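Reading through the structure tokens given below for one structure.
The values are calculated or read from the model by the stated rules, or taken from the named source; none is laboratory data. All of these numbers come straight from a predicted model, not from anything done at the bench. No Cβ is skipped: glycine too gets one built from the backbone with ideal geometry, and neighbour counts run over all protein chains shown. Remember, those area values only see protein heavy atoms, side chains included, never the ligands or the DNA or RNA. Shrake-Rupley method; radii C 1.70, N 1.55, O 1.52, S 1.80 Å.
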Amino acid sequence: MEHELSGNEQGWWVVSQEAKLWLPKGELPFGSAAAAGLTGMPALPIGEWAVATVWLVRRTMPRDMGSVRQILDAEPGLFQLAGRGVQLAEFYRSHRHCGYCGHAMRRSKTEWACLCDHCHERYYPQIAPCIIVAIRRDDRILLARHSRHRGEIYTVLAGFVEVGETLEQCVAREVMEETQVRVKNVRYVTSQPWPFPHSLMMAFMADYDGGDIRHDPHELLDA
Ligand SMILES: [Zn+2]
């Protein structure tokens, strides 16, 4: 629950607005609220990292507002909580009014949700499921160069899950659409919250089943 900072609170400070994150010295600030200059501001505890509270303060600072992408190399748990903070700040900013009836909403005190007292609708943060897949054929792997990436980087294929689709169907569809290749033995490996802007990336392995690579020129430069 949101609480007005006395200055003595200790922890990590996720100061975020409009999908930006405060990164003085390129890092997530740690220490007292007073030292961070946040006394008197409302803050929400959003988790714990290294036995310290992670706080969300929904505001912008005069300088050093960057992207959560800048701390991709930080400890995974801390990066995850910073991503949670940025996404919650965006969720609260984009859910001030009910999408059904247009009335002003309030934030739930017990969960990450916004509540409409007029029509009793309840909204949760949106999470967009994505798949990323390594396709192997003997000792080779399918890599592609994406038109949306700058530079010469080749990566495995990835894409968003569509409504009414299983993860396995999504893997097969994305690979077919982008490269005209059929896959089999699709198996789940691991997942990672990917806050750009609010995805959950799910990683798969698959085997080549057939087809010749023909890349989609709208999405890929090469495969
Ligand atoms: Zn409503």
Report the dimensions of segment 69-138 along its three principal axes from the alpha-carbon atoms, largest first, rounded to Å. 59, 29, 20
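With every protein chain kept in the model, how would you rank Arg182, Arg150, Arg63, Arg187 by accessible area, 1.4 Å probe, largest at the top?
Working: Arg182 120, Arg150 220, Arg63 165, Arg187 90 Å².
Sorted by accessible area, descending: Arg150, Arg63, Arg182, Arg187.
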For segment 128-222, what's the relative contact order in percent, using C-alpha pairs closer than 8 Å and at least 6 residues apart? 36
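With n ≥ 4 as the cut-off for DSSP H runs, can you work out [θ] at 222 nm for the chain, using -39500 (n - 2.57) per run divided by the number of residues, rounded to the nearest 500? Walk me through the numbers on the way to the answer.
Working: 2 runs with 32 residues, N = 223.
Using -39500 (n - 2.57) per qualifying helix, the result is -5000 deg cm²/dmol.
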Taking only the alpha carbons of the chain, the radius of gyration and the largest Cα-Cα distance, Dmax, both in angstrom, are 21.0, 64
With Rg and the Kirkwood Rh both taken from Cα atoms, where does Rg over Rh land for segment 3-94? 0.92
Once both label points are put 7 Å beyond Cα along the C-beta direction, the Arg96-Arg182 separation in nm becomes 5.3
Tell me which cysteines of the chain come out unpaired when the rule is another cysteine's Cβ under 4.7 Å. Cys114, Cys130, Cys170
Rank Gln192, Ala172, Val133 by how far each Cα sits towards the positive end of the charge dipole of segment 128-222 (+1 on Lys, Arg Cβ; -1 on Asp, Glu Cβ) and give me just the farthest. Gln192
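By how many nm would the segment from Ala203 to Thr190 lengthen if fully extended, with 0.36 nm per residue of separation less the alpha-carbon distance? Working shown, then result.
Values: separation 13, 0.36 × 13 = 4.68 nm, distance 0.53 nm.
Working it through step by step, the gained length comes to 4.1 nm.
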Which length gain, in nm to one decimal place, applies between Glu48 and Arg214 when the Cα-Cα distance is subtracted from 0.36 nm times their residue separation? 55.1 nm
Any idea how far apart Arg145 and Ser108 come out in nm if each label point goes 7 Å out from Cα toward Cβ? 4.7
Taking a label point 7 Å from the Cα of Ser67 along Cα-to-Cβ, the residues of segment 10-27 whose backbone nitrogen sits under 19 Å from it are 15-27
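Hey, what did the chain get for relative contact order, percent, Cα under 8 Å, at least 6 apart? Walk me through the numbers on the way to the answer.
Values: 450 pairs, mean separation 34.6, N = 223.
That works out to 16 percent.
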Can you tell me the Rg and the Dmax, both Å, for the Cα atoms in segment 128-222? 12.7, 35
So if I take the centroid of the Cα atoms in segment 137-189 and the same for segment 62-112, what is the distance between those two points in Å? 29
Fraction of accessible area attributable to carbon and sulfur, segment 3-94 (%, probe 1.4 Å): 48
Residues of the chain: accessible area per residue at 1.4 Å, in Å²? 58
Hey, any idea what % of segment 106-173's accessible area is carbon plus sulfur with a 1.4 Å probe? 53
